[in-house]
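The values are calculated or read from the model by the stated rules, or taken from the named source; none is laboratory data. Please read these numbers as outputs of a predicted model, since none were measured by experiment. Positions of Cβ are generated from backbone atoms using ideal geometry, with glycine treated the same way; all protein chains shown enter the neighbour counts. These area figures cover heavy atoms from the full protein model, side chains too; ligands, DNA and RNA do not enter into them. Shrake-Rupley method; radii C 1.70, N 1.55, O 1.52, S 1.80 Å.
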Amino acid sequence: VQLQASGGGLVQAGGSLRLSCAASVSLFSINVMGWYRQVPGKERELVASITSYGGTNYVDSVKGRFTISRDTAKNTVSLLMNSLKLEDTAVYFCKGRRNGDDFWGQGTLVTVSS
């Protein structure tokens, strides 16, 4: 399984960005897709996830601001990030878990400026 992340960039606080993660296989074959983020000196944290059945989960700090979705025709999972805050600045990674194996995409940097 290969995952290709894209969509990071520089945005002002309060703005929006959409991240995308394209999978090389059908999303229905991946049990869970997730977006993680990491800042220097801290552990990578799960931001949002979506299961093969479409169930979603969010970390409390992004609830109401971020939305994870999927396009099964394009095998793509997106993360729409609204009302971005300075503390959302991080490298964002997508991850897929299939039958106990984890697959990571490359990171994409999101920088939120004041």
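Does F103 meet the test of being within 11 Å of L3 (Cβ to Cβ) and of a type outside the set (A, V, I, L, M)? Don't jump to the end; show me each part of the working.
Working: within 11 Å of L3 (Cβ to Cβ): yes; of a type outside the set (A, V, I, L, M): yes.
Here the answer is yes, as F103 does meet what is asked.
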- Hey, can you tell me all the residues within segment 4-16 that are part of a strand (DSSP E or B) and open to solvent by 30 Å² or more (accessible area, probe 1.4 Å)? Q4, S6, L10, Q12
- Flagged in segment 33-46 as in a strand (DSSP E or B) and either small (G, A, S) or in contact with a helix residue (DSSP H, G or I) (Cβ under 6 Å, 6 or more places away or on another chain) (or both), in numbering order, are G34
- Members of segment 68-100 found to be more than 13 Å from V11 (Cβ to Cβ), touching a Phe, Trp or Tyr at 6+ places or on another chain (Cβ under 8 Å) and assigned to a loop (DSSP other than H, G, I, E, B), listed by number: T72
- Report, by residue number, each residue of segment 52-85 that is open to solvent by 50 Å² or more (accessible area, probe 1.4 Å), in contact (Cβ under 8 Å) with a residue 12 or more places away in the chain, of a type in the set (S, T, N, Q) and under 19 Å from N31 (Cα atoms). T56, T67, T72
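Can you confirm whether T108 is open to solvent by 70 Å² or more (accessible area, probe 1.4 Å), under 22 Å from S6 (Cβ atoms), within 14 Å of the chain's Cα centre (by Cα) and at pLDDT 95 or above? Spell out the reasoning first.
Working: open to solvent by 70 Å² or more (accessible area, probe 1.4 Å): no; under 22 Å from S6 (Cβ atoms): yes; within 14 Å of the chain's Cα centre (by Cα): yes; at pLDDT 95 or above: yes.
So T108 does not fit the description; no.
Quick test for you: out of V59, V25, pick the one residue that is modelled with pLDDT of 95 or more, at negative phi and aliphatic (A, V, I, L, M).
Values: V25 fails: modelled with pLDDT of 95 or more.
Exactly one of V59, V25 is modelled with pLDDT of 95 or more, at negative phi and aliphatic (A, V, I, L, M), namely V59.
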- Taking segment 59-71, which residues are among the hydroxyl-bearing types (S, T, Y) and farther than 13 Å from V32 by Cα? S61, T67
